[in-house]
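Asks: Here it is, the structure, as structure tokens.
The values are calculated or read from the model by the stated rules, or taken from the named source; none is laboratory data. All values derive from a computational prediction rather than experimental measurement. We place every Cβ from the backbone using ideal geometry, glycine too, and count neighbours over all the protein chains shown. Note: accessible area is taken over every heavy atom of the protein model, side chains too, but ligands, DNA and RNA are not part of it. Shrake-Rupley method; radii C 1.70, N 1.55, O 1.52, S 1.80 Å.
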Amino acid sequence: MGSERSDAAAAETAAMALKILVAGGFGVGKTTLVGAVSEIRPLRTEELLSEAGQSVDDTEGVDRKTTTTVAMDFGRITIRSGLSLYLFGTPGQDRFWFLWDELSQGALGAVVLADTRRLEDCFPAVDYFEHRRIPFVVAVNCFANTRTFGASDVSRALDLDRGTPVVLCDARDRDSGKEVLIRLVEHAGRVHTARMLDSVG
């Protein structure tokens, strides 16, 4: 009986799944990141941009963008044996924010993708996660032919809380995206451990 219980506990420990959000402004690369790292065919809810949305979807700086996520993107990646991450990409526009509260339920943490050409577009996501005390990292998606800024410059510009990691990445590259996710898991683990210790103390 005891060995059965320990076997079940070992199996549960061996297969841990964590929920991660991928957020940020319109056209920053959320769908691209989820698609690049996912080991399964990602679920996408993209629709063509329409004339009706022109007044609310600011495409300045992302002129070639023709589609937008209207519900979520979903993918899965195994970080190491027994640890999988379920990725939920959020829509970037304000009018879809009612979905964020649902998607953030039970999330370990979030990746906030940023584009330095439109850095102000990620302020709402940063505010959202800070106010709800959801650990997050800012991942600067380094687009071609744009000026590169250091992590400390981006941290200052976004007025991030001390200790919030900023990483540079290429959302199209699987290894780069995986590194961002590992940094998030490590950061979220430290934050949750510190909170547990504070509550005990």
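Asks: Among 127-139, 152-164, 188-200, 75-87, how do they line up from the highest to the lowest mean number of other beta-carbon atoms within 10 Å?
Replies: 127-139, 75-87, 152-164, 188-200
Asks: Compute the length gained on full extension between Ser84 and Glu130: take 0.36 nm times their separation in residues and subtract their Cα-Cα distance, giving the result in nm to one decimal. Can you show the working numbers first?
Replies: Numbers: separation 46, 0.36 × 46 = 16.56 nm, distance 2.48 nm.
Result for the pair: 14.1 nm of gain on full extension.
Asks: Between Ala17 and Asp161, what FRET efficiency comes out of the Förster formula 1/(1 + (r/R0)^6) with R0 = 25 Å and r the beta carbon distance, rounded to 0.05?
Replies: 0.35
Asks: With θ set to phi - 60° and the Karplus curve 6.51 cos²θ - 1.76 cosθ + 1.60, what are the ³J(HN,Hα) couplings of region 153-161 in order, to the nearest whole Hz, using x for Gly and Pro?
Replies: 5, 5, 4, 5, 4, 8, 6, 6, 4
Asks: Computing the accessible area with a 1.4 Å probe over protein heavy atoms, can you report the carbon and sulfur percentage for region 124-201?
Replies: 49
Asks: Counting Lys and Arg as +1 and Asp and Glu as -1, what is the net charge of the other residues whose Cβ lies under 10 Å from the Cβ of Ser104?
Replies: 0
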